[in-house]
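Structure record follows, encoded as C-alpha cells.
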Amino acid sequence: MRRILTVITSIALTFALSFSAAFASDDALIKSQNYLKTITLDSPDAVIAYEAAGFEADGKADSLLENFKDVDYTTASYGDLAKSIIAISLLGDNPADFNKTNLVEILENRVQADGTLTDDKNGGCGATIWTLMALETVNSDKTKTVADKLSTMAMDNGAYWYEYQGPNADLDTTGWAMEALSVAGRSTYDATISKAYTFVQSKLNSKDGSYDIGWGGNADTQSCVLEGLHAAGYKLDDQAYNYLLSYQNEDGTFNALNYNTYQLEPNAYASVEGARALGVINNGSFVLKARKDYTKTISNSTTPETPETKPGTTTTKPAVKPETTPSTTKPAVKPETTTTTEPKKETVKKVNTGDNTNAMAYVVAAIAAIGVIALTIKSKKK
C-alpha cells in the first residue's frame, strides 16, 4: 500500500509542478499584455508587439496610420519601409494601396536580381532581414530571391552581423535572421539556420542562462535570440528563458541599463521587445500573423462584380472587368514545417485572462481525489 501511495503522490506532484511551470510562462505573457494595454501604439514596433501578444490592433492605431501618410516612402530607410508594410498589414490596411501609394512595389523595386538591396546605407544584415519579413507578409514574388541572398550573408561561424568598421557578429541580428529564414522555408534553409543555432548556443552562459557575446546579458538580446530559436523550432533552454523573465517587472515592463546612471530601469524599447518575444513563443511568428491579416484584407477587398445580363441571352458578362489581383490563397514561398535534430519546444497555450484560479483548482481537486481513492483502498484492506 505504501508503494501505491508513493507512486500516486509522485504523479500528483509531477502534475502540479508541470502546471506551475505553465502558469509561470502564461503569467509572463499576461504581464506583457497588461503593459501593452497601457501604451499608445505609435510605432510599427509597438503594433507588431501588440499583435504578437495575441491582441488585435485594428482601430487602436489610427494616429499612427495618419502619421504614415506623411512619410515619403520613396526615400525611407529599409527598416522604416519594411516595418510599415508589416504594421499596416496587421492593422487591416493594404500596404500595396495605402494612401494611393504602393509601398510593396517601392520595396520590391529596391531588390536587385540577386537579392542585393539597392543603396543599403547602413550595411550589415538588418535591412535584408526586415525586407524579407515584409515580403513574406505580402507573399511577394521577390521573397525567395531575398531569402536566398540572406542565407549567404552569414559569417563563417554562422553569425549574422551589423556593420561598424567592418562586420560585427551579433546575437540580436542572428535571432532575427533565424525567424525570417524559418518563415521563408525551414527545410530549405536548414543548413544556414542550424549553423546560426550553433553560433548562438556557443554564446549561452551556463552560469546564468544569458546569451552573451562579450558585453554582458540584457533583455533585448535575450528576447531576440529566444524568439528566433522558437520560430526555428528549437527547444528553449529553461535557464535562458528564466533569465529573460528576470528582467521583467510586475507591471510587464522590462529593465535595461541606463548608461547615465548605470542602473537597471524600465525601458520602453526593451519592454516592447520582451513582449514581442513572449508573444512569438506563445503564439508563433508575428510574420505569419501579418501574412494572415494581409491575405484577409486582400480577400475582403476583392469582391466579384455583379454580372450584367442582356435580355434574350443565356450568357452573362461582367459589366466591368474585375481587376486582376495577386492570389492570396497560396503564398509565394510556402512556409515549411521541418523536422530538426533538436526537439521542438512545446508551445505554451495562450491564456487571455490573468485568472489561473480554475486551473489550479483542478490540480488541487485532482490531488485531493487521489488522496480519497488511496484512503478508500486502504480502509477496504483493513
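Just so you know, all these numbers are worked out from the coordinates, no wet-lab data involved. What you see is a predicted model, and the numbers here were worked out from it, not measured in a lab. FYI the Cβ positions are ideal-geometry reconstructions off the backbone, even for glycines, and counts take in every protein chain you see.
Sorted ascending by nearby beta carbons within 10 Å, beginning with the fewest, Lys31, Lys207 become Lys207, Lys31. Put in order of Cβ neighbour count within 10 Å, fewest first, the listed residues Thr295, Thr198, Thr261 become Thr261, Thr198, Thr295.
If you stretched the chain out fully between Leu264 and Asp97, how much longer would it get, using 0.36 nm times the residue separation minus the C-alpha to C-alpha distance?
Full extension of this stretch gives 55.8 nm more.
Applying a DSSP loop filter and a limit of 12 other Cβ atoms within 10 Å to the chymotrypsin sites (Phe, Trp or Tyr not before Pro) in region 199-290 leaves Trp215, Tyr259, Tyr262. Placing a label point 7 Å from the Cα of Ser299 along the Cα-to-Cβ direction, the residues of region 77-93 whose backbone N falls under 16 Å of that point are 90, 92-93. The modelled label-to-label distance for the pair Ser246/Val71, using points 7 Å beyond Cα in the direction of Cβ, is 3.6 nm.
Exposure proxy ranking for Met133, Met155, based on other Cβ atoms within 10 angstrom of each Cβ and starting from the fewest, stands as Met155, Met133.
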